[in-house]
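Visitor: The structure that follows is given in the form of structure tokens.
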Amino acid sequence: SQQGEEDPQALSIQEGENATMNCSYKTSINNLQWYRQNSGRGLVHLILIRSNEREKHSGRLRVTLDTSKKSSSLLITASRAADTASYFCATEGRQGGSEKLVFGKGTKLTVNP
Amino acid sequence: DGGITQSPKYLFRKEGQNVTLSCEQNLNHDAMYWYRQDPGQGLRLIYYSQIVNDFQKGDIAEGYSVSREKKESFPLTVTSAQKNPTAFYLCASSPRQGGGIQYFGAGTRLSVL
């Protein structure tokens, strides 16, 4: 079962612009994570936000979490061509299946030079 | 050079054949995971293991089998019962039981001849 649902499915922007991706989920979570995947490669962890946190920063990345709306957003500021990749949110559940992550379908970001 | 190694990078399966995908990690992680990724889709969990000699089915285990005889190794066999095996397979590991950040290999692309 896929819990995370990213929006938009695809996003195309110019270098230097900001990119915002959203993730919605359905059940209670321990944490929510964002991963990046370059074409044909494995995923790389970007940032983890716990259920009791509302905002987190890492370099040019800013993640917010609204547990009342069961949603999260990932903001990439001052984007670069090298940011071109697919971005996935993943949730770690609070009950039962807390030993595994559930991934969304991803947002494909293209940053044009 | 620590990390997760998946092999081979590309694999071709003939009709009725079983094939085994290798996943080795030298990160001393307890938990290991196998995911399937179809084009333009997110990751779906096939099997996971939290400890040696123990593993659990994920969301799409039918037609697959695994073993966990050593902490560092978690091979996946795609059996002839899996009628649509063409996909990108990703192995991951995590440093603790109960989920957390996952570290991914580079993937194996399986195609049917």
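Visitor: Name every residue in the stretch B:45-86 that is small (Gly, Ala, Ser) and at positive phi, in order of residue number.
Guide: Hit for the stretch B:45-86 is B:63, nothing else.
Visitor: For residue A:108, only one of the following conditions fails: (1) outside any strand (DSSP E or B); (2) under 15 Å from the mean Cα position of the chain (by Cα). What is its number?
Guide: (1)
Visitor: Moving on to the next point. How many residues are in contact with a Ser or Thr (Cβ under 6 Å, 6 or more places away or on another chain) and either within 11 Å of chain A (Cβ to nearest Cβ) or over 16 Å from residue B:103 (Cα atoms) (or both) if we restrict to the stretch B:12-49?
Guide: 6
Visitor: Just to verify a result, which residue in the stretch B:9-32, among those that are surrounded by fewer than 15 Cβ atoms within 10 Å (Cβ to Cβ) and assigned to a strand (DSSP E or B), is nearest to the chain's Cα centre (by Cα)?
Guide: It comes out as B:20.
Visitor: Within the stretch A:58-81, how many residues turn out to be part of a helix (DSSP H, G or I) and either free of Cβ contacts under 8 Å to residues at least 12 places away in the same chain or over 16 Å from residue A:16 (Cβ atoms) (or both)?
Guide: 0
Visitor: So which of A:50, A:80 ends up being surrounded by fewer than 22 Cβ atoms within 10 Å (Cβ to Cβ), within 14 Å of chain B (Cβ to nearest Cβ), on the phi < 0 side of the Ramachandran plot and more than 13 Å from the chain's Cα centre (by Cα)?
Guide: Going through A:50, A:80 in turn, just one is surrounded by fewer than 22 Cβ atoms within 10 Å (Cβ to Cβ), within 14 Å of chain B (Cβ to nearest Cβ), on the phi < 0 side of the Ramachandran plot and more than 13 Å from the chain's Cα centre (by Cα): A:50.
Visitor: A follow-up question, please. Kindly indicate whether any position in the stretch A:24-32 is at the interface with chain B (Cβ under 10 Å from one of its Cβ atoms), polar (S, T, N, Q), closer than 29 Å to residue B:87 by Cα and surrounded by fewer than 22 Cβ atoms within 10 Å (Cβ to Cβ).
Guide: yes
Visitor: A further question follows. Going by what's in this entry, would residue A:62 be described as among the basic types (Lys, Arg) and crowded, with 18+ Cβ neighbours inside 10 Å?
Guide: no
Every number in this text was worked out from the coordinates using simple rules, so none of it is lab data. If you're wondering where the values come from, they're calculated on a predicted model, not measured in any experiment. Note that each Cβ is placed from the backbone with ideal geometry, even for glycine, and that neighbours are counted across all protein chains shown.
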